[in-house]
Structures are given as C-alpha cells and as structure tokens.
1. When you check residue 47 against the structure, is it of a type in the set (Gly, Ala, Ser), at pLDDT 95 or above and out of contact with any strand residue (DSSP E or B) (no Cβ under 7 Å at 6 or more places or on another chain), yes or no?
2. Of all residues being more than 22 Å from residue 43 (Cβ to Cβ) and among the small types (Gly, Ala, Ser) in segment 79-106, which is farthest from the chain's Cα centre (by Cα)? Just the residue, please.
3. Look through segment 258-280, keep the residues that are buried (at least 23 other Cβ atoms within 10 Å of the Cβ) and hydroxyl-bearing (Ser, Thr, Tyr), and return whichever of them is farthest from residue 30 (Cα to Cα).
4. Looking only at segment 126-137, count every residue that is at pLDDT below 70 and either within 11 Å of residue 244 (Cβ to Cβ) or among the polar types (S, T, N, Q) (or both) and tell me the total.
5. Within segment 54-68, how many residues turn out to be in a helix (DSSP H, G or I) and either in contact (Cβ under 8 Å) with a residue 40 or more places away in the chain or in contact with a strand residue (DSSP E or B) (Cβ under 7 Å, 6 or more places away or on another chain) (or both)?
6. Collect the residues in segment 81-123 that are under 24 Å from residue 214 (Cβ atoms), part of a helix (DSSP H, G or I) and out of contact with any Phe, Trp or Tyr (no Cβ under 9 Å at 6 or more places or on another chain), keeping them in residue-number order.
7. Which residue out of 272, 287 is touching a residue at least 12 places away in the same chain (Cβ under 8 Å), closer than 21 Å to residue 39 by Cβ and hydroxyl-bearing (Ser, Thr, Tyr)?
Amino acid sequence: MYQADCVIKGIPAESCSLWSKLQADFLSVDPFWLIMVLVAFMVSNLSRAHRWQMLMKGIGMRVSFGNSFWTIMIGYMANLSIPRIGEVLRGALLAKYEKQPVEKVLGTIVMDRAVDVVSLLIALVLAFTLQFNVIFGFLKENFSDSRLSGDLIWQLGIVAIAGMALLWFIRKWIMRSGLYQSIEKFLLGFYEGIKSIKTVENMPLFILHSIIIWMAYYSMMWFCFNAFGPTEHLSGLAALMVFVFGGLGIVFPSPGGMGTYHAMVMAALALYGVAGNDSFSFANILYFSVQLFCNISFGLLALLILPMINRTISENQ
C-alpha cells in the first residue's frame with residue numbers, strides 16, 4: 001500500500017522505505033496511550049480466559065486459569081500464520097494439559113467464538129444506528145454491485161443435491177465403518193461442548209465478561225486514537241465505527257487479519273477525513289502493537305510457561 005502510494009506520488013523507491021516509515025510512526029506516538037492500548041488488550045484476554053473457564057465448568061470440565069489464559073495466547077500467535085488454526089491449537093493444548101476430551105474443549109471454543117460473533121453484530125448495529133449516514137454511504141459506495149450470479153447458485157444447488165443423494169445410497173456402509181464410529185464420537189463430544197452455554201452457572205457474570213472483552217477492544221481503538229496526532233481529534237463515535245470495521249477485517253480469512261484489517265480501518269478512517277499515509281500509519285501502529293508485538297511476545301512466553309506450570313502441578317499431585 002505504502003509503496004504503491006509512493007509510485008503514484010512519484011517518490012523514488014530509495015526514499016520510500018516501509019521500515020523507516022514504521023519507525024517514524026512509532027516515534028511519533030504518545031507512549032502513555034500506547035501503553036494503555038496494551039493494558040486494554042491484556043484485560044480482554046484475562047476476561048476471555050475466565051469466560052472460557054465458565055463454559056468448560058458448565059459441562060463438568062474444571063481447568064486452571066493459567067492453562068486457559070496461556071493457551072489462548074498461543075492460539076493468537078498461531079493465527080498469524082494460518083487463519084483460525086489457533087483455535088484448534090489452543091483447544092488441543094488445553095485438552096492435553098488438563099487431560100480433557102479434545103472434542104468437548106473444541107466445542108466450547110466454537111461457543112466462545114459464537115458469542116464473539118453476536119457481540120460484533122451488536123456493535124455493528126450500534127454503529128449503524130448512531131452513524132447511519134456514514135455507514136450507509138460506505139456500503140452504497142463499496143458493495144452496491146457485489147452479488148452472486150444465478151448460474152452459480154444453481155450449480156451449487158445441483159452439487160449439494162448430488163452429494164446428499166450419494167450419501168443416502170452409501171449410508172449403511174458408512175455407518176458400519178470404524179471411521180464413522182470415531183467421527184460420531186467426536187461430533188457428539190463437540191456438540192456437548194457447544195451446549196456449554198446452556199449450563200453456565202452464573203450467566204450474569206458470563207455476560208459481564210463478554211461486555212468487558214468488547215469494551216476493552218473498543219478502548220484499544222479509542223486509546224490509539226489519542227496516541228496518534230492525525231486521529232487524536234476524532235470522537236468516540238468515530239472510534240466505534242473504525243473499531244467495527246477493524247473487527248470485520250480481523251474476521252475475514254487472512255493470517256491475523258493482515259491486509260484486510262488495514263484495508264477496513266483505512267476505509268473507515270477515510271470517512272472522517274483521515275486518509276492516505278495517515279490512515280495507513282494508524283492501522284500499522286495498532287496492528288503491529290497488538291497483533292504482532294503482543295501476540296508474538298506473549299505467545300512465545302506461553303510456550304515457555306505452560307510446560308513449567310504443568311510440570312509443577314504434576315509434581316504436587
């Protein structure tokens with residue numbers, strides 16, 4: 001993005017170093033507000049670890065807070081390489097250390113993420129309500145021509161019907177196979193984990209943790225606004241809008257939201273008059289601070305701490 005902008009402006013390549021720009025951007029920020037961004041990030045993770053514990057406790061799995069928290073951090077780091085692989089990895093690690101059925105643990109992660117999707121939708125509705133004209137203009141400009149062709153829908157329908165017919169004819173052979181029995185056991189445990197939301201003992205506390213998580217996410221955006229000169233004048237509603245768009249950028253299937261997060265944040269900032277290099281700089285400051293620095297640092301720390309705390313637990317048993 002930055003190099004392309006330099007080409008458009010006729011800036012020589014030797015004067016258009018992305019690394020130099022990143023250094024200049026971080027030297028320009030207010031360190032106090034940047035530290036507050038990192039504090040909010042950690043508050044969200046502490047609350048998420050507690051909330052995940054509540055889901056697992058609801059279906060009879062009592063796990064330590066340490067394992068819950070540190071496996072989450074490893075999962076975040078892993079997501080930077082392959083989208084969503086971190087969810088599988090944190091579930092597998094926690095199941096290993098806590099000696100719990102992996103399928104049930106993964107089911108609770110699905111429910112954990114489902115609550116996040118609902119939370120993001122609530123934030124989206126709130127932003128849409130409070131800034132209707134701004135977001136309507138964005139949707140009209142960027143998505144008015146995007147639609148699936150009728151031919152593609154028909155083709156997908158035919159493939160789906162053919163697939164279901166094939167499964168119907170070979171169902172008896174499948175049900176007698178050992179592979180089917182293994183898959184059935186896994187899916188039943190997975191479903192048990194998904195149902196964990198129904199057995200949460202303290203639902204008000206669960207909801208409170210969900211609010212804390214998403215208020216912390218929003219606070220990270222607001223704090224970063226204050227840390228960076230070109231955005232420090234923007235309002236809390238602008239922070240809400242950019243936060244929602246950035247959240248959608250993280251949801252899209254890219255490693256840690258790389259690229260998609262930048263594009264969505266820059267598009268939202270442009271609505272408030274912050275465009276070009278300033279919007280790119282802001283996206284980089286928040287992305288590199290949280291997604292790269294925090295996730296990689298705490299992910300590597302987790303790789304060291306998890307074996308140590310679980311070795312101690314084993315020795316004390």
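The values are calculated or read from the model by the stated rules, or taken from the named source; none is laboratory data. A quick note: this is a predicted structure, and the numbers were derived from the prediction, not measured. Don't worry about glycine lacking a Cβ; one is built from the backbone with ideal geometry, like all the others, and counts go over all protein chains shown.
1. Answer is yes for this residue.
2. 95
3. Looking at residues that are buried (at least 23 other Cβ atoms within 10 Å of the Cβ) and hydroxyl-bearing (Ser, Thr, Tyr), I get 261.
4. Number of matching residues: 1.
5. 7
6. 85, 87, 88, 89, 91, 105, 111, 113, 114, 117, 118, 121
7. After ruling out the rest, the residue left standing is 287.
Matching residues to (1) surrounded by 15 or more Cβ atoms within 10 Å (Cβ to Cβ); (2) aliphatic (A, V, I, L, M):
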{"position": "24", "(1), (2)": "no, yes"}
{"position": "33", "(1), (2)": "yes, no"}
{"position": "45", "(1), (2)": "yes, no"}
{"position": "53", "(1), (2)": "yes, no"}
{"position": "74", "(1), (2)": "yes, yes"}
{"position": "77", "(1), (2)": "yes, yes"}
{"position": "96", "(1), (2)": "yes, no"}
{"position": "100", "(1), (2)": "yes, no"}
{"position": "106", "(1), (2)": "yes, yes"}
